[in-house]
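All remarks here apply to the structure that follows.
The values are calculated or read from the model by the stated rules, or taken from the named source; none is laboratory data. In this text the structure is predicted, and so the values were computed from the model without any measurement. FYI the Cβ positions are ideal-geometry reconstructions off the backbone, even for glycines, and counts take in every protein chain you see. Note: areas computed on protein heavy atoms with side chains; ligands, DNA, RNA excluded. Shrake-Rupley method; radii C 1.70, N 1.55, O 1.52, S 1.80 Å.
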Amino acid sequence: MLPLAVRAQPTPAPSVPLAARVGLLTFNTPEASVPFRDELLQGLKELGYAEGQNLTLVARYARDDPQQVVPLAQELTRSGINLLVVTGAATPDTLQAVREVPVVYVFSGDPVAAGWATSLATPNEGATGMTWLSIELNGKRIELLKEALPELRRLAILSNPLHPGEDMEIAECRKAAAALGIELLYLAARDGNELEAALQRIDAQGGADAILALPDMLMVAKRSHIIEFGTERRIPVISGWARFAHSGALLTYGPNLPKSLRRLASYVHRVLTGTKPSALPIEQPTTFELVINLKVATALGLTIPPTLLARADEVIE
């Protein structure tokens, strides 16, 4: 099972270097990446960095295209950066492609299962950061969905078996569903073709009351297609990252990604000032957010309980 979360202890901050050139690579579009970029810069500002003075941030965006990740990572490496920050779905390919500079990442999978660390306390040379993977969140998402849809009986789960830690996520989903009397339809998808076949299986096997897309690179890239499929059949979609809710999913529950990136600034700072990435334990998130898309609920004819709305960190109206 995933090692216990490593909680960082406050440490004296080294002095800020005279100048730092930091790369930022995200899987998203520039527009969708604004919160991540802003939080990273704010976190670095609190540590004494000022863009245009002692900090240059060189950002590249894969625009939801997996084929762009490696070329952009290599471009950033050649640009003379001191360190590369990589977020989310861009992380696995980046860590395969980049060796020349240290990497600080925020990733949704299990770094140990991916081979990037012996344990959360002992990352490999050259890369460290934060994992968004919290296995228990999968059960919580199903509980929230059941609260929103009391008549929920059959839940389709879209999941990528290549995502590190996926087996543990599915096991937690099965456990939560069994406790709530929900039948699970597990649909594996490793690429776009398998995803399309998985969606068609929902129709072929009698439909579903809801779809849970476990977030990874494939699901993020194909989120609009998944949501469109559900909308056409009046099947609500849920996931783990707020971006899904903003794209038309009914609700999401998971780590607050921008805040995680602000926290990551402390790792960037420490690596820039001489700490080896292997000396910095991989962290897990401590802040989570529930986002409910009330517009989608209304369009689907669903009434979200007021008690659930009251607990939401964001309601899209």
Acute angle (nearest 10 degrees) that the helix 166-180 long axis makes with the longest principal axis of the chain, alpha-carbon atoms: 40
Provide Rg and Dmax in Å for the range 31-73, with only Cα atoms included in the calculation. 12.6, 36
Under-5 Å amide H pairs with Gly126, H placed in peptide plane, nonlocal only: Ser278
Report the one residue of Ser266, Ala204, Ile170 whose Cα lies farthest in the direction of the positive end of the charge dipole of the chain (charges on C-beta: Lys and Arg +1, Asp and Glu -1; origin at the Cα centre). Ser266
With Cα extents along the principal axes in Å in mind, check [x] 94, 41, 30; [y] 58, 45, 38; [z] 61, 37, 34 and report the label derived from this structure. [z]
Sequence order, the range 302-317: Karplus ³J(HN,Hα) from phi using 6.51 cos²θ - 1.76 cosθ + 1.60, θ = phi - 60°, Hz rounded, Gly and Pro as x, gives 9, 10, 7, x, x, 5, 6, 4, 5, 8, 5, 7, 8, 10, 8, 10
Going by Cα centres, the range 257-317 and the range 26-56 are how many Å apart? 17
Within the range 129-164, what residues put their amide N at less than 20 Å from the label point 7 Å along the Cα-to-Cβ vector of Thr307? 139-153
Orientation-averaged projected area, Cα convex hull of the range 21-130 (nm²): 6.8
Per-residue ellipticity at 222 nm for the chain, helices alone: DSSP H runs ≥ 4 residues times -39500 (n - 2.57), over residue total, nearest 500 deg cm²/dmol? -11000 deg cm²/dmol
With r as the distance between the Cβ atoms of Leu162 and Glu46 and R0 = 41 Å, compute the FRET efficiency 1/(1 + (r/R0)^6) and round to 0.05. 0.65
Leaving out ligands, DNA and RNA, and with a 1.4 Å probe, what % of the accessible surface on the chain is carbon or sulfur? 51
Semi-axes (Å, rounded, descending) of the ellipsoid equivalent to the range 104-232 per its C-alpha gyration tensor are 28, 17, 12
Starting at the first residue of the range 206-213, write each ³J(HN,Hα) from the Karplus equation 6.51 cos²θ - 1.76 cosθ + 1.60 with θ = phi - 60°, in whole Hz, x for Gly and Pro. x, x, 8, 7, 6, 10, 10, 9
Positive-end extreme of charge dipole, the chain - chosen from Pro305, Thr91, Thr56 (charges on Cβ): Thr56
Using alpha carbon centers only, the range 105-136 is separated from the range 161-233 by a whole-angstrom value of 24
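Nothing charged except the Cβ atoms of Lys and Arg (+1) and of Asp and Glu (-1): what's the magnitude of the dipole of the chain about its Cα centre? Round to the nearest 20 debye.
Working: 29 positive and 34 negative charges, 98 e Å.
Value, rounded to 20: 460 debye.
Before anything else, pin down the relative contact order of the chain: Cα pairs under 8 Å, at least 6 apart, normalised by residue count, whole percent. Before the final figure, lay out each step's value.
Working: 625 pairs, mean separation 67.0, N = 317.
That works out to 21 percent.
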Working from Cα positions, state the angle (0 to 90°, nearest 10) between the long axis of helix 192-204 and the longest principal axis of the chain. 20
Among 109-115, 203-209, how do they line up by average Cβ neighbours within 10 Å per residue, starting with the highest? 109-115, 203-209
Residue by residue, what Karplus-based ³J(HN,Hα) values in Hz, rounded to whole numbers, does the range 136-153 have, using 6.51, -1.76 and 1.60 with θ = phi - 60° and x for Gly and Pro? 5, 4, 5, x, 5, 4, 5, 4, 5, 5, 5, 5, 6, 10, x, 8, 4, 10
Stretched fully, the stretch from Ser79 through Asn54 gains (0.36 nm per residue minus C-alpha distance, one decimal, in nm) 7.3 nm
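Please give the per residue accessible area of the range 167-297, computed with a probe of 1.4 Å over protein heavy atoms only, in Å². Provide the component values of the computation, followed by the final result.
Details: 4970 Å² over 131 residues.
Counting only protein heavy atoms, the per-residue value for the range 167-297 is 38 Å².
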